[in-house]
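Engineer: Attaching a single structure in structure tokens format; questions to follow.
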Amino acid sequence: MGDGDAVNTSGRERADMAGYAPHPYIGGRTAVLRALAAWRMRWPGAPRVVVLTGSPGSGRSRLVTGFLMLCDPEYRERLPLDDLDPATVPPDLPPPAVPSPVGRTAAQVLWTLADHFGLPAVGAEDVFTGLGARAEPVTIVVPDVDTAGPVRAAHEPARLVRDVLVPLAATGTVQLLADVPRELAAELAGSLPAGQAQLIDLDDPEWADPEGLVRHAETALTPSTGAAAPPYTADPAARRALAEAMARRAGGSRLTVQLAVRSLLAHPAGFDPADASQLPGSVGEALDLHARRLGADPRTLRLMLAPLAFAEGEGLPVELWGALADAVAGRDMSRDLAEGMLLTAPFVQPVETVGADEAADGPVGAAGSGADVAAGEGRTVLRLTHPGLAEEIRAGLPDARDAQTRIAMALLAAVPGQDWSRADPYLRDHLAAHTLDAGLLPQLLTDPGLFTHADPVALRAAVEAVPFDALGAPARTYLRTAPLLTRTRASAGMRAALLETAFVEDGLTPYAEVLHGLGLDLPWRTLWSVPLTGVAGVTVGALPGQDGDGTEAVGAAEGSAGVSTARPVVALLVPEGTPGSRPAGSSGGPALLVHDLLRPEFVDTDPARVLAPSDEARAAGPLGLSRGTDYLRVWSRESGEVVAALISDTPFTGADLSPDGVLVVATERGVTARQITAAGAPATPAAGLTVPVQSARVPDAGASHGLEGDPS
């Protein structure tokens, strides 16, 4: 193994001979702990990068957790450090950075590191550059890489290794320890020159710890105080003998031992410790032996557990277990489940989830759905006791994709009336993951209701895993909007509002209309959008109508008794030479392009005819506008409260708000007009257009942005 040989060979034997106590949480792994301690203290000859791997259930997570206890000042105070092998105890240094990848995307893990180290990064490369520029080395531990990502079938662990861990390992100031699945471990370790990385495979004989596995089994078999226990667990000598037999039969697999012990303690009857054939040699055998000992068909047990093996997120709601078991088995499993709690008990773990209300971005997200409320409540979900057990069950099915397809169809059928606002949070947040694994996701991505109510982090991860060419137009619109949804943790109302505009921008108006029928109080209705680049500013105004004698008439806006015939428009400041534009002045430079304010059509007219609202008309309007680089706020002048908030993934280059409550916004992508419909917006059009647009628009850049003082 190269550089680590000096510190790992026969470490356990020397520790035992010296009488050192085992690590109280790990119970062994002395050789590996010595190697990790040498890495932590940057011992001469120790590698800069350590890649820890092993088969599922080999104990990687427990090992890393126990080692981090030795690196954390608070935990060190609770450990008997004086009793441990000194070579396994790293010096008292500041704790390493430990970004958890559980359920996170590679990008989220990277930005967690950027926040931890206070790096002013704009892109991913800035993070690695910032770490490389530090004067002192930094220590980073990334555990449980196999749990990365909100969607299992999206293969986020591979992305985390390639996009984050490989560049981190290549950064000379980074001292890295990563717990990586075997199929990715060699790729990470092999990305560095010889001598800089050490690969520790817990299944290799040189890192094996048979005595530690015996201790693990012996501790697990120890009965709790006051509990009735069979003689082979209550008697220390018999317990030790059984632990040795279990460890020997399991071939080094801690998961196999764990399942064997759980099976035995859940149902001690019918077990003969002298019969080695009752001890499992693999995870699969642990399942089958348990079923046979209880007089059940092993295949029935696997079918009962199959829905949990495919579960996403924190686990499967107990209410859905029966329907999904029926779907996988192709028959009614209700009796099996009702009578099989003892059969499944060793392999199932109930989890109390802690709900969190969806963030509400002010009034935009105030109108949450019933599902939003449910998401904020904790409840019990079920999951298998170990991911390695889930792998075994999925691998043992005749056709895993067919099973996943059946699960996806059963979940879709469970959505009440296909109304996603009434769907169980698991259905709306994880159905996309199941359909992705079944190869059916593109067919699902046509429902604006799903786009609105599904967790945007999980749905985005699933959609990104589909080849772009396989996505339909609505899914592509969702995909380009998803960064805004995940960045803001937007509520359902805000998601619907942002998607409504995106659909109009992409020419998918029918999908935008569906969003207005979901029962959410959207803060605006998008009137039109044009993909016009280079717009430097916008100013709302109006074109006067004409009386019968051919003279311009401004109607009520100028005090006449008649109704105003002015046509609401917006003047766009565009680069010279833009088709349809006219010069803004006599000296060349920017030009003006006139567009109807309420309809998707340009207006062929002299911009000098456009009248902008007077200062008095703006001040009399019920709404005001505040603007930042990538956000806008529309607020009520009467209450001072924000009634609509708009964010953008590209900087705003212009914005203005008409007295009628029409918000026109320009970005690098184009120009969009939205009629503000939130509470406090004007119910009827307002007038008062007096100031020529060129006097307000061209010389005065401030007026062109429609800026107002922010009452907050």
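The values are calculated or read from the model by the stated rules, or taken from the named source; none is laboratory data. Note that the structure is a prediction, hence the values are computed from the model and not measured. Neighbour counts run over all protein chains shown; Cβ positions are idealised from the backbone, glycine included. Accessible surface is based on the protein model in full, side chains and every heavy atom, while ligands, DNA and RNA are left aside. Shrake-Rupley method; radii C 1.70, N 1.55, O 1.52, S 1.80 Å.
Engineer: Check whether at least one residue in region 491-507 is more than 30 Å from VAL569 (Cβ to Cβ), within 15 Å of the chain's Cα centre (by Cα) and assigned to a helix (DSSP H, G or I), and report yes or no.
Structural biologist: No, that holds for no residue.
Engineer: A follow-up question, please. Output the number of the condition that LEU68 fails; it satisfies all remaining conditions of (1) at pLDDT 95 or above; (2) part of a loop (DSSP other than H, G, I, E, B); (3) under 24 Å from VAL257 (Cβ atoms).
Structural biologist: Result: LEU68 fails condition (2) only.
Results for (1) open to solvent by 30 Å² or more (accessible area, probe 1.4 Å); (2) of a type in the set (Val, Ile, Thr); (3) modelled with pLDDT of 60 or more, shown as yes or no for each residue.
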| site | (1), (2), (3) |
| --- | --- |
| PHE347 | no, no, yes |
| GLU358 | yes, no, no |
| GLY365 | no, no, no |
| VAL373 | yes, yes, no |
| GLY378 | yes, no, yes |
| LEU389 | no, no, yes |
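Engineer: Shifting gears a bit: In a helix (DSSP H, G or I) and crowded, with 19+ Cβ neighbours inside 10 Å: is that true of LEU177 in this structure?
Structural biologist: Numbers: in a helix (DSSP H, G or I): no; crowded, with 19+ Cβ neighbours inside 10 Å: yes.
For LEU177, the condition - in a helix (DSSP H, G or I) and crowded, with 19+ Cβ neighbours inside 10 Å - is not met.
Engineer: Turning to a different aspect of this structure: Consider region 571-605. How many of its residues are more than 22 Å from TRP528 (Cβ to Cβ) and either touching a residue at least 24 places away in the same chain (Cβ under 8 Å) or not acidic (Asp, Glu) (or both)?
Structural biologist: 9
Engineer: Kindly evaluate LEU255 against the criterion of being touching a strand residue (DSSP E or B) at 6+ places or on another chain (Cβ under 8 Å) and part of a helix (DSSP H, G or I).
Structural biologist: Working: touching a strand residue (DSSP E or B) at 6+ places or on another chain (Cβ under 8 Å): no; part of a helix (DSSP H, G or I): yes.
The answer is no for LEU255.
Engineer: Mind listing just one residue for me: the one in region 499-511 that is in contact (Cβ under 8 Å) with a residue 60 or more places away in the chain and of a type outside the set (S, T, N, Q) and, of those, farthest from VAL664 (Cα to Cα)? Let's see the steps before the verdict.
Structural biologist: In the first step, residues of region 499-511 are kept if they are in contact (Cβ under 8 Å) with a residue 60 or more places away in the chain; the result is 501, 504-505, 511.
Filter again for of a type outside the set (S, T, N, Q), leaving 504-505, 511.
On the way: VAL504: 14, GLU505: 13, TYR511: 21 Å.
Among them, the one singled out is TYR511.
Engineer: Considering region 310-335 alone, what residues qualify as being without any contact (Cβ under 8 Å) to a residue 12 or more places away in the chain and not basic (Lys, Arg)? Outline the logic, then answer.
Structural biologist: The first filter runs over region 310-335 and keeps only residues without any contact (Cβ under 8 Å) to a residue 12 or more places away in the chain, leaving 331-332, 335.
Selection gives ASP332 alone.
Engineer: Could you give me the residue pairs with C-beta distances under 9 Å whose first residue belongs to region 134-146 and is free of Cβ contacts under 8 Å to residues at least 40 places away in the same chain, whose second residue is part of a helix (DSSP H, G or I) and surrounded by fewer than 18 Cβ atoms within 10 Å (Cβ to Cβ) wherever it lies, and which are 6+ apart or on separate chains?
Structural biologist: As it stands, the answer is ARG134/PHE117, since those pairs meet every condition given.
Engineer: To continue, here is another question. What do you reckon, is LEU287 within 17 Å of GLU391 (Cα to Cα), touching a Lys or Arg at 6+ places or on another chain (Cβ under 7 Å) and either part of a loop (DSSP other than H, G, I, E, B) or open to solvent by less than 60 Å² (accessible area, probe 1.4 Å) (or both)?
Structural biologist: Values: within 17 Å of GLU391 (Cα to Cα): yes; touching a Lys or Arg at 6+ places or on another chain (Cβ under 7 Å): yes; either part of a loop (DSSP other than H, G, I, E, B) or open to solvent by less than 60 Å² (accessible area, probe 1.4 Å) (or both): yes.
Yes: the conditions hold for LEU287.
Engineer: Out of the residues in region 38-53 that are in a loop (DSSP other than H, G, I, E, B) and among the small types (Gly, Ala, Ser), which is surrounded by the fewest Cβ atoms within 10 Å (Cβ to Cβ)? Give the derivation first.
Structural biologist: If we filter region 38-53 for residues that are in a loop (DSSP other than H, G, I, E, B), which is where we start, we get 41-48.
Keeping just the survivors that are among the small types (Gly, Ala, Ser) gives 45-46.
Values: GLY45: 12, ALA46: 20.
So, considering only residues that are in a loop (DSSP other than H, G, I, E, B) and among the small types (Gly, Ala, Ser), the one surrounded by the fewest Cβ atoms within 10 Å (Cβ to Cβ) is GLY45.
Engineer: Just name the residue that is modelled with the lowest pLDDT out of those in region 195-248 that are of a type in the set (S, T, N, Q) and open to solvent by less than 40 Å² (accessible area, probe 1.4 Å). Give the steps one after another, and end with the answer.
Structural biologist: In the first step, residues of region 195-248 are kept if they are of a type in the set (S, T, N, Q); the result is 196, 198, 219, 222, 224-225, 233.
From what is left, the residues that are open to solvent by less than 40 Å² (accessible area, probe 1.4 Å) are 198, 233.
On the way: GLN198: 96, THR233: 87.
Only one residue fits best here, namely THR233.
Engineer: Would region 580-602 turn up any residue that is touching a His at 6+ places or on another chain (Cβ under 9 Å), over 30 Å from VAL122 (Cβ atoms) and not small (Gly, Ala, Ser)? Give the steps one after another, and end with the answer.
Structural biologist: Of region 580-602, the ones touching a His at 6+ places or on another chain (Cβ under 9 Å) are 601-602.
If we keep only those that are over 30 Å from VAL122 (Cβ atoms) too, we end up with 601-602.
Pick out the ones that are also not small (Gly, Ala, Ser) and you get 601-602.
Yes, because at least one residue in region 580-602 is touching a His at 6+ places or on another chain (Cβ under 9 Å), over 30 Å from VAL122 (Cβ atoms) and not small (Gly, Ala, Ser).
Engineer: Now a separate question. Give the residue, chosen from GLY295, GLY315, that is on the phi > 0 side of the Ramachandran plot and open to solvent by 20 Å² or more (accessible area, probe 1.4 Å).
Structural biologist: Numbers: GLY315 fails: open to solvent by 20 Å² or more (accessible area, probe 1.4 Å).
Just a single option satisfies the conditions, and that option is GLY295.
Engineer: Moving to a separate point now. When region 258-272 is examined, which residues are found to be in a helix (DSSP H, G or I) and either of a type in the set (S, T, N, Q) or over 40 Å from the mean Cα position of the chain (by Cα) (or both)?
Structural biologist: To start, the set of residues in region 258-272 that are in a helix (DSSP H, G or I) comprises 258-266.
Listed by number, the residues that qualify are GLN258, SER263.
Engineer: Is there a residue in region 646-661 that is open to solvent by less than 70 Å² (accessible area, probe 1.4 Å), over 28 Å from LEU484 (Cα atoms) and part of a loop (DSSP other than H, G, I, E, B)?
Structural biologist: yes
Engineer: Could you give me the residue pairs with C-beta distances under 7 Å whose first residue belongs to region 196-212 and is within 26 Å of ALA170 (Cα to Cα), whose second residue is assigned to a loop (DSSP other than H, G, I, E, B) and at pLDDT 90 or above wherever it lies, and which are 6+ apart or on separate chains?
Structural biologist: If the second residue must be assigned to a loop (DSSP other than H, G, I, E, B) and at pLDDT 90 or above, the pairs left are GLN196/PRO47; GLN196/ARG48; ALA197/PRO47; GLN198/PRO47; ASP201/GLY54; LEU202/GLY54; LEU202/SER58; LEU202/GLY59.
Engineer: Regarding LEU572, is this residue touching a strand residue (DSSP E or B) at 6+ places or on another chain (Cβ under 8 Å), open to solvent by less than 20 Å² (accessible area, probe 1.4 Å) and either acidic (Asp, Glu) or at negative phi (or both)?
Structural biologist: On the way: touching a strand residue (DSSP E or B) at 6+ places or on another chain (Cβ under 8 Å): yes; open to solvent by less than 20 Å² (accessible area, probe 1.4 Å): yes; either acidic (Asp, Glu) or at negative phi (or both): yes.
Yes: the conditions hold for LEU572.
Engineer: Working only within region 444-455, note down all residues that are assigned to a helix (DSSP H, G or I) and open to solvent by 10 Å² or more (accessible area, probe 1.4 Å). Can you show your working first?
Structural biologist: Going residue by residue through region 444-455, those that are assigned to a helix (DSSP H, G or I) are 444, 448-453.
LEU444 - this is the single residue of region 444-455 that is assigned to a helix (DSSP H, G or I) and open to solvent by 10 Å² or more (accessible area, probe 1.4 Å).
Engineer: May I pose another question? Quickly run through region 473-527 and pick out the residues that are open to solvent by less than 10 Å² (accessible area, probe 1.4 Å) and of a type in the set (Gly, Ala, Ser).
Structural biologist: Residues satisfying the conditions are ALA475, ALA482, ALA490, SER491, ALA492, GLY493, ALA496, ALA497, ALA502, ALA512.
Engineer: Continuing with the same structure: Considering only region 380-409, state which residues are in a helix (DSSP H, G or I), under 24 Å from the mean Cα position of the chain (by Cα) and among the β-branched types (Val, Ile, Thr).
Structural biologist: THR405, ILE407
Engineer: The conditions are (1) open to solvent by 20 Å² or more (accessible area, probe 1.4 Å); (2) within 27 Å of PRO583 (Cα to Cα); (3) part of a strand (DSSP E or B), and ASP604 fails exactly one of them. Which is it?
Structural biologist: (3)
Engineer: SER224: without any contact (Cβ under 8 Å) to a residue 60 or more places away in the chain, among the polar types (S, T, N, Q) and within 30 Å of LEU264 (Cβ to Cβ), yes or no? Talk me through it step by step, then tell me what you get.
Structural biologist: Working: without any contact (Cβ under 8 Å) to a residue 60 or more places away in the chain: yes; among the polar types (S, T, N, Q): yes; within 30 Å of LEU264 (Cβ to Cβ): yes.
For SER224, the condition - without any contact (Cβ under 8 Å) to a residue 60 or more places away in the chain, among the polar types (S, T, N, Q) and within 30 Å of LEU264 (Cβ to Cβ) - is met.
Engineer: Determine, yes or no, whether THR629 is among the hydroxyl-bearing types (Ser, Thr, Tyr), modelled with pLDDT under 90, closer than 30 Å to ARG480 by Cβ and surrounded by fewer than 19 Cβ atoms within 10 Å (Cβ to Cβ). Lay out the reasoning, then the answer.
Structural biologist: Details: among the hydroxyl-bearing types (Ser, Thr, Tyr): yes; modelled with pLDDT under 90: yes; closer than 30 Å to ARG480 by Cβ: yes; surrounded by fewer than 19 Cβ atoms within 10 Å (Cβ to Cβ): yes.
Against the criterion (among the hydroxyl-bearing types (Ser, Thr, Tyr), modelled with pLDDT under 90, closer than 30 Å to ARG480 by Cβ and surrounded by fewer than 19 Cβ atoms within 10 Å (Cβ to Cβ)), THR629 qualifies.
Engineer: Give the residue that is surrounded by the most Cβ atoms within 10 Å (Cβ to Cβ), with candidates limited to residues of region 456-470 that are part of a helix (DSSP H, G or I) and not aliphatic (A, V, I, L, M). Before the answer, list the steps.
Structural biologist: Quick first cut of region 456-470, residues part of a helix (DSSP H, G or I) only: 456-464, 468-470.
Those left that are additionally not aliphatic (A, V, I, L, M): 456, 460, 464, 468-469.
Numbers: PRO456: 25, ARG460: 23, GLU464: 16, PHE468: 10, ASP469: 5.
Ranking the qualifying residues of region 456-470, first place goes to PRO456.
Engineer: I'd like to verify a number: residues in region 474-490 that are in a helix (DSSP H, G or I) and within 14 Å of ALA645 (Cα to Cα), how many? Full working, then the answer.
Structural biologist: Step one: filter region 474-490 for residues in a helix (DSSP H, G or I), giving 474-488.
Narrowing further to those that are within 14 Å of ALA645 (Cα to Cα): 484-485, 488.
Counting residues in region 474-490 that are in a helix (DSSP H, G or I) and within 14 Å of ALA645 (Cα to Cα) gives 3.
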